[in-house]
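Down below is the structure, laid out as structure tokens.
The values are calculated or read from the model by the stated rules, or taken from the named source; none is laboratory data. Because the structure is a prediction, the values reported are computed rather than measured. Don't worry about glycine lacking a Cβ; one is built from the backbone with ideal geometry, like all the others, and counts go over all protein chains shown. To get the accessible areas, we keep the full protein, side chains included, count just its heavy atoms, and leave off ligands, DNA and RNA. Shrake-Rupley method; radii C 1.70, N 1.55, O 1.52, S 1.80 Å.
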Amino acid sequence: MKIIMLGAPGAGKGTQADKIAQKYSIPHISTGDIFRKNIKEGTALGKEAKQYMDEGKLVPDELTVRILLDRVASDDCSRGYILDGFPRTIPQAEALEKKLGELDDDIDFAINVDVPDENIVNRMSGRRACPKCGATYHIKHIPPKKEGICDECGAELIIRDDDKPETVKNRLKVYHEQTQPLIEYYDKKKILRTVDGTKDAEDVFRAIADILE
Ligand code: AMP
């Protein structure tokens with residue numbers, strides 16, 4: 001099963017992708033996580049990606065596509081995967097489709113987690129992340145058991161640079177201009193399914209599980 005998660009930044013794609021990955025035992029692949037890992041490790045890729053990420057801009061397609069195609073070629077992806085944060089542009093979607101086409105393969109579903117902009121700005125301001133293991137929380141919707149501390153590894157939670165208000169506004173603008181056209185793109189391919197992302201995470205997950213079954 002190969003699934004793409006679509007939706008604005010902060011719509012809850014990552015949370016849902018985690019749940020789906022667990023239920024179907026397939027890897028959850030987030031290009032944002034791959035970039036953040038590289039930034040933390042100080043790699044050349046991380047240094048290049050950081051310049052764009054800190055401003056809420058997209059990392060160039062060529063670099064992003066290369067990283068993603070490399071990742072999905074790994075052994076653990078043979079039974080499928082769930083993509084969270086990729087594709088974010090039409091050229092990225094086309095590059096993935098071309099690669100899958102060469103393998104006589106295709107994406108099964110593109111799930112659009114639909115949340116209006118007003119809700120997004122509210123949500124992002126409550127987002128907290130673990131700088132050590134990458135787990136994400138929300139002070140209201142997905143609070144850690146102990147305030148400010150990661151459930152998984154005990155590190156102190158932070159607000160990611162790209163979750164700061166100015167960057168959020170920029171990310172939303174970028175989303176509408178460059179990523180939203182993918183909704184029509186996958187609708188035309190008849191694999192788009194939309195769920196109401198304003199509901200509780202559990203309800204959203206039930207709606208997605210119904211689609212996948
Ligand atoms: P995310 O964690 O998915 O919200 O991604 C955080 C940041 O990483 C984005 O704001 C972009 O700067 C960059 N990024 C992640 N995925 C992509 C992608 N598919 N294409 C371009 N930039 C990306």
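Report yes if I111 is in a loop (DSSP other than H, G, I, E, B) and open to solvent by less than 20 Å² (accessible area, probe 1.4 Å), otherwise no. Write out each step before concluding.
Numbers: in a loop (DSSP other than H, G, I, E, B): no; open to solvent by less than 20 Å² (accessible area, probe 1.4 Å): yes.
Spelling it out, it is not the case that I111 is in a loop (DSSP other than H, G, I, E, B) and open to solvent by less than 20 Å² (accessible area, probe 1.4 Å).
Kindly indicate whether I120 is aliphatic (A, V, I, L, M) and farther than 30 Å from R71 by Cβ.
No: the conditions fail for I120.
Mind listing whichever residues of the stretch 112-127 are without any contact (Cβ under 8 Å) to a residue 60 or more places away in the chain and more than 16 Å from the ligand (Cβ to nearest atom)?
Of everything in the stretch 112-127, those that are without any contact (Cβ under 8 Å) to a residue 60 or more places away in the chain and more than 16 Å from the ligand (Cβ to nearest atom) turn out to be E118, N122.
Does the stretch 156-191 hold any residues that are within 18 Å of I107 (Cβ to Cβ) and either open to solvent by less than 30 Å² (accessible area, probe 1.4 Å) or of a type in the set (V, I, T) (or both), and which are they?
Hits for the stretch 156-191 are T179, L182, I183, Y186, I191.
Which pairs have Cβ atoms under 8 Å, sit 6 or more apart or on different chains, and link a residue in the stretch 31-45 that is without any contact (Cβ under 8 Å) to a residue 40 or more places away in the chain to one that is acidic (D, E)?
Taking only residues 6 or more apart or on different chains, not a single pair turns up.
Between a first residue in the stretch 83-103 that is more than 24 Å from Q22 (Cα to Cα) and a second residue that is within 14 Å of the ligand (Cβ to nearest atom) and part of a loop (DSSP other than H, G, I, E, B), which pairs have beta carbons less than 7 Å apart while being 6 or more apart in sequence or on different chains?
That search, which allows pairs on different chains as well, returns T89/L58; Q92/F86; A93/P87.
Could you run through the stretch 101-111 and say how many residues are of a type outside the set (D, E, K, R) and either under 15 Å from I34 (Cβ atoms) or away from the ligand (no atom under 16 Å from the Cβ) (or both)?
3
Those residues that are surrounded by fewer than 18 Cβ atoms within 10 Å (Cβ to Cβ) and part of a loop (DSSP other than H, G, I, E, B), I need them from the stretch 122-134; list them, please.
G126, P131, K132, C133, G134
Is at least one residue of the stretch 150-163 charged (D, E, K, R) and farther than 24 Å from R36 by Cβ? Talk me through it step by step, then tell me what you get.
Residues of the stretch 150-163 that are charged (D, E, K, R), as a first pass: 151-152, 156, 160-163.
With farther than 24 Å from R36 by Cβ added as a condition, the list becomes none.
There is no residue in the stretch 150-163 that is charged (D, E, K, R) and farther than 24 Å from R36 by Cβ.
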